[in-house]
Every structure is written in C-alpha cells, then in structure tokens.
Amino acid sequence: AHQHAGMEASGTGNMKFALNGSLIIGTLDGANVEIREDIGAENFFLFGYETEDIPRLRKERAEGKFVPDPRFVETVDYIKSGVFGESFEELLGSLEGNEGFGRGDYFCVAADFAAYIEAQKEVDAAYLDQDKWTRMSIMSTAGSGFFSSDRTIDQYAKEIWDIKPVHVE
C-alpha cells in the first residue's frame, strides 16, 4: 500500500492492509502515522516528505524551481510511449506544469519519487529474507487491533455522535 503526505485519502485502506498482514510503504501522514506507531516503525517502509514540507514543495513547483529526478522523467516517458497499451496522457498530464487544476503534480508524486525508489529497495531486501518478511507481516496484523471496527464505532459513538449503546437481552 502507498500514500503521499498531506493527502489523507488511503488511511482506512492502509488499515485494512495492515490488519491482513500486508506491509505498507508510505509517507508519514494521516492514518499512516497511527499505523506505524501501532505496528512498529520497523514493520513499516517509510519514505518521502512530511506534511509540513508540502506547502514549500508546491510553492517551489509553482515558481518553476522544481527539477524532477531523472528516473522520474524516464519513467513518465516510458509510460507515455504506450508500452502499457495506452499513453495515460490525462493522468500523466496532472504531473506536469507548474500549477493549475489537474496540473503541477499537486500530490507531489515527482518530489517523493527518488525516496520511493530507495524505500522500494528496502522492501525488496526484506522480501528476500523470508523470516524477516513473515515476522513483519505477523507484527503488522498483531499491531492492528486498534483499528477494529468495534473500537472505532464505540469511539465515534462517544466522541462524535454523542450516543450511548443500547444493550439487547
């Protein structure tokens, strides 16, 4: 599973991945912060900028100061070549330009790309050590109890909905 800083969109998905023993590669944002704390930093592949960096990165992009990693440019060009059956122009176009709706890499994918590649090397190395990978997977599941729906519903009932449980006999 993968998520970018400042874009708290895949949190519940990442919780489900962790509950099922998947190992997460992600930035320190949203639910990933809690997941990493609960499953242990050693069982989470962290990469990229943090939330407080995002406004600066967007400003630099808007000012035309951002220079993407050459591997990012190569990857985008390779995808655009149509090797995967289509060029994905609309999606890839959102990564280009300096600013504007659907432009300027609002999600900072290019900025995080080099760090992602390095973190992926850590994932690859961990996978080659099957004992380590299995231990990390088990710890991911074991540390995910906090994310159970029962606990979440109970917390929401108390803190958000201000309702009390009804006991059924």
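When the residues of the stretch 1-27 are filtered to those that are within 8 Å of the chain's Cα centre (by Cα), in a loop (DSSP other than H, G, I, E, B) and of a type in the set (A, V, I, L, M), the one that is modelled with the highest pLDDT is 5.
There is no residue in the stretch 29-45 that is over 30 Å from residue 142 (Cα atoms) and either open to solvent by 30 Å² or more (accessible area, probe 1.4 Å) or modelled with pLDDT under 90 (or both).
Once the stretch 55-73 is narrowed to residues that are hydrophobic (A, V, I, L, M, F, W, C) and in a loop (DSSP other than H, G, I, E, B), the residue that is most open to solvent (accessible area, probe 1.4 Å) is 67. Please indicate, with yes or no, whether at least one residue in the stretch 145-162 is in contact (Cβ under 8 Å) with a residue 24 or more places away in the chain and either touching a Lys or Arg at 6+ places or on another chain (Cβ under 6 Å) or open to solvent by 60 Å² or more (accessible area, probe 1.4 Å) (or both). Checked against the condition, which is being in contact (Cβ under 8 Å) with a residue 24 or more places away in the chain and either touching a Lys or Arg at 6+ places or on another chain (Cβ under 6 Å) or open to solvent by 60 Å² or more (accessible area, probe 1.4 Å) (or both), the stretch 145-162 yields at least one hit.
Among the residues making up the stretch 74-98, none is open to solvent by 60 Å² or more (accessible area, probe 1.4 Å), modelled with pLDDT of 90 or more and within 21 Å of the chain's Cα centre (by Cα).
Which residue out of 83, 76, 33 is in a loop (DSSP other than H, G, I, E, B) and β-branched (Val, Ile, Thr)?
Selected residue: 83, the only one of 83, 76, 33 that is in a loop (DSSP other than H, G, I, E, B) and β-branched (Val, Ile, Thr).
When residues in the stretch 55-75 are screened for being under 12 Å from residue 97 (Cα atoms) and aromatic (Phe, Trp, Tyr), 1 of them pass.
So that you can scan it fast, the table gives a plain yes or no per residue for (1) over 16 Å from residue 23 (Cα atoms); (2) basic (Lys, Arg); (3) under 20 Å from the mean Cα position of the chain (by Cα); (4) modelled with pLDDT of 95 or more:
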| position | (1), (2), (3), (4) |
| --- | --- |
| 109 | yes, no, yes, no |
| 113 | yes, no, yes, yes |
| 129 | no, no, no, yes |
| 134 | no, no, no, yes |
| 139 | no, no, yes, yes |
| 142 | no, no, no, yes |
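The values are calculated or read from the model by the stated rules, or taken from the named source; none is laboratory data. As the structure is a prediction and not an experimental result, all values here were calculated from the model. Note that we place each Cβ from the backbone using ideal geometry, even for glycine, and neighbour counts take in every protein chain shown. SASA here: full protein model, heavy atoms, side chains in, ligands and nucleic acids out. Shrake-Rupley method; radii C 1.70, N 1.55, O 1.52, S 1.80 Å.
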